[in-house]
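The values are calculated or read from the model by the stated rules, or taken from the named source; none is laboratory data. Small disclaimer: the values here were computed from a predicted structure and weren't measured. Here Cβ is always computed from backbone atoms with ideal geometry, including for glycine, and neighbour counts include all displayed protein chains. These area figures cover heavy atoms from the full protein model, side chains too; ligands, DNA and RNA do not enter into them. Shrake-Rupley method; radii C 1.70, N 1.55, O 1.52, S 1.80 Å.
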Amino acid sequence: MGHHTWPHVTSRHFLFALSFRPFHVEPRNIVGDAQEQVSAEAAALSSRVHYYGRLTASSDRLLVPPDHVIPSPEDIYVYSPLGTAFKVQGGDSTAKNPSIVTVFAIWNTMMGTSILSMPWGIKQAGFTLGIIIIVLMGLLTLYCCYRVLKSTKSIPYVDTSDWEFPDVCKYYFGGFGKWSSLVFSLVSLIGAMVVYWVLMSNFLFNTGKFIYSECLFSSTFLILICPYPNLDPDGDSSTHQYYVSENSTGQVFDLWWSKTNTIPLYLIVLLLPLLNFRSASFFARFTFLGTLSVVYLIFLVTYKAIRLGFHLDFHWFDSSMFFVPEFRSLFPQLSGVLTLAFFIHNCIITLMKNNRHQENNVRDLSLAYLLVGLTYLYVGVLIFAAFPSPPLSKECIEPNFLDNFPSSDVLVFVARACLLFQMTTVYPLLGYLVRVQLMGQLFGDHYPGFLHVFILNILVVGAGVLMARFYPNIGSIIRYSGALCGLALVFVLPSLIHLTSLNRRGELRWPSAVFHGFLVLLGVANLFGQFFM
C-alpha cells in the first residue's frame, strides 16, 4: 500500500506532480555510482517546469507543462530538500502491454495455492452446488473488482493518475479507510505466506520421502491414497475398509523427516535469511515459474483424469458409501476459498495502468476472470470426477489434492518439486510486500533498520511454523483468511465507495443501494459461515 515503482510513472506525471512544490537544487551532490552533475540544460528545464507549476492548481489540466519543457528520462531527478538529487532509473514507461499480455498477467497473478484446494472445495459444497458457487463467486468478485478499477475515475477535480485503492479509501473515509485497507491487505498477504509455509513443508517432506524411498527401498506404486479416512463430516465411518496407505519408510527416517514435527523447522534455516534482504528484485526474476507450475498442474490433472476415468453417481441430497450429496450445507467453505482465489482487488489498478488500450480495461478484466474461473473449474471438476469411488470415497479428497497421490508417483513428484522451488522464490516477495506496506506506513521507510525487519520476519515465520505444526489444513487457512480480507477489500469497501460517490453526485437510487447493500451482507455472511458451517 502506497508503494509505487518508478517504471509505472511517466516523465510527464512525475514532473507534473513535483512541479507544484517550490524546489531548487544546485548542480552538485548527485547520488549515484558516477559523480555526475546536473546539466545546465536540465537545470533550465527544471526552472521552466517550476514556472508552469506556479500558474495553476494540480487539478487543472489546461496548463500542464508542454512536451518541450519536460526533460528527457535521462535528465529526470528526484530533488531532495537536503540538497541532493537522486537520478531516476527507468523512468520511461512509454512501453505499454497489449491486451493479451494484460489478461495473462492478471491470470498469472491470481493463480495461486487456491487451485490445489478446488477439488476439496467442490467436495465440501457438493458437485453440482460447487460448480454453481464457482460461477457465482467469479461474477460477484469480478463486479467488485470492476468497482475498484472505476473508483479513481469517480473523484472530481483531483489528479488520480498515480493513486492506488488505499488512496481512494483515504479520500472517502479518511484515516479509517486507509488503515482498514492496509490491515486487510496484510491479512491476505500473511495468510498467503502461512499457506505457503504449510505447502512448502508438505512438498519438501514428500520430495525427501520420494528420494529416500527410491534410493533405499523398492516402493510399491499406488494410484491414489486416502491419508485420513476417519475425517467424515457426515459421521460415516464406513470408509475405513477402503483405506489405502503407503508403507512406512523406516523409524529413524520418520523421526527426523516428519511433515509436522521437523520439516517446518528446517525451512527456517532456508527462508528466514532470504526475508531479510533489502530488495526482492532477485526473486522477482523467477515469477515465470508460477505460470509453468500451473501449466504443468493442468497437464497432470488431464493425464490423471484420462487414466482414471470418471467416477460419478449423483445423489442429490443424501450421501452414500462412496459419494457425497450434490448439495451440502458445508458450501460456505468453498465460498471462503473462492474469495481468496479470485482476490486481486488490492493491485488491479496498478496492473491495469500498463494496458495499452485503456478503453479495453473492463473487457480485459472480464476475460482474465473468465480464464481464471475456467482454470479453477477444470482442475476442480476433473479431480473430483476422476477420483476413484469405489474403492475410495469422495470424502478422501484432501485440501491439497496432491496429497491424494503417493510419494512414489513420479509425475506428482515433479509437480511437488516445481512448486517447492517456485514457492521458495515467491515467499520472500510476499514478505517484502508485507514489509513495504507495514514499515512504510509506520516508519515512512520500507527498511527502517535490521532489527525492525528481523522482528517482523520472526513473527511472520513463527505464524507459518505454528500452523504447519498444529493445523496444516490449507483449505481452512485459505477460507478463513479469504473470507476475512474479502469482507473488507472485495465486498464492503468497493460497495461503500460506490454508494458514497453516487450520493455525493446526487445520483444514488434505491436499486443500487439495495444491490450493494446485499453485497455487504453477503461478505458478512461469508465470513460468519466459516465458523458455523
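Can you figure out the FRET efficiency of Val158 with Leu370, using R₀ = 25 Å and their beta-carbon distance, to the nearest 0.05?
With a Förster radius of 25 Å, E is 0.15.
In square angstrom, what is the accessible area per residue of the stretch 93-217 with a 1.4 angstrom probe?
Solvent-accessible surface per residue comes out at 36 Å².
Would you calculate the convex hull of the Cα atoms in the stretch 345-492 and tell me its volume per residue in Å³?
Here the figure is 187 Å³ per residue.
Given labels modelled 7 Å from the Cα in the Cβ direction, how far is it in nm from Leu265 to Leu292?
3.4
If I take R0 = 45 Å and measure r between the Cβ atoms of Leu139 and Phe454 in this structure, what FRET efficiency does the formula 1/(1 + (r/R0)^6) give, to the nearest 0.05?
Result of the calculation: an efficiency of 0.55.
Relative contact order for the stretch 393-533: what is it in percent, counting Cα pairs under 8 Å that are at least 6 residues apart?
Taking the mean separation of contacting Cα pairs over the length of the stretch 393-533, I get 19 percent.
Expected output is a single nm value to one decimal: the length gained when fully extending between Leu466 and Arg356, i.e. 0.36 nm times separation in residues minus the C-alpha distance. What is it?
Extra length available between Leu466 and Arg356 comes to 35.1 nm.
Express in nm, to one decimal, how much length is gained between Ser329 and Phe310 on full extension, taking 0.36 nm for each residue of separation and deducting their alpha carbon distance.
Extra length from Ser329 to Phe310 when fully extended: 4.4 nm.
With a Förster radius of 22 Å, plug the Cβ-Cβ distance of Asn503 and Val524 into 1/(1 + (r/R0)^6) and report the FRET value to the nearest 0.05.
0.55
For the stretch 389-463, report the translational diffusion coefficient in µm²/s to the nearest whole number, using Stokes-Einstein at 20 °C, 1.002 mPa s, and a Kirkwood Rh over Cα pairs.
It diffuses with D of about 138 µm²/s by this estimate.
Rounded, prolate or oblate: pick one for the stretch 454-513, where a ≥ b ≥ c are the square roots of the eigenvalues of its C-alpha gyration tensor, a/c under 1.5 means rounded, and failing that, prolate if a/b is larger than b/c, else oblate.
Since a/c reaches 1.5 but b/c is at least a/b, the shape of the stretch 454-513 is classed as oblate.
Accessible area of the stretch 291-431 with a 1.4 Å probe: how many percent of it is carbon plus sulfur?
Reported share for carbon and sulfur atoms: 72 percent.
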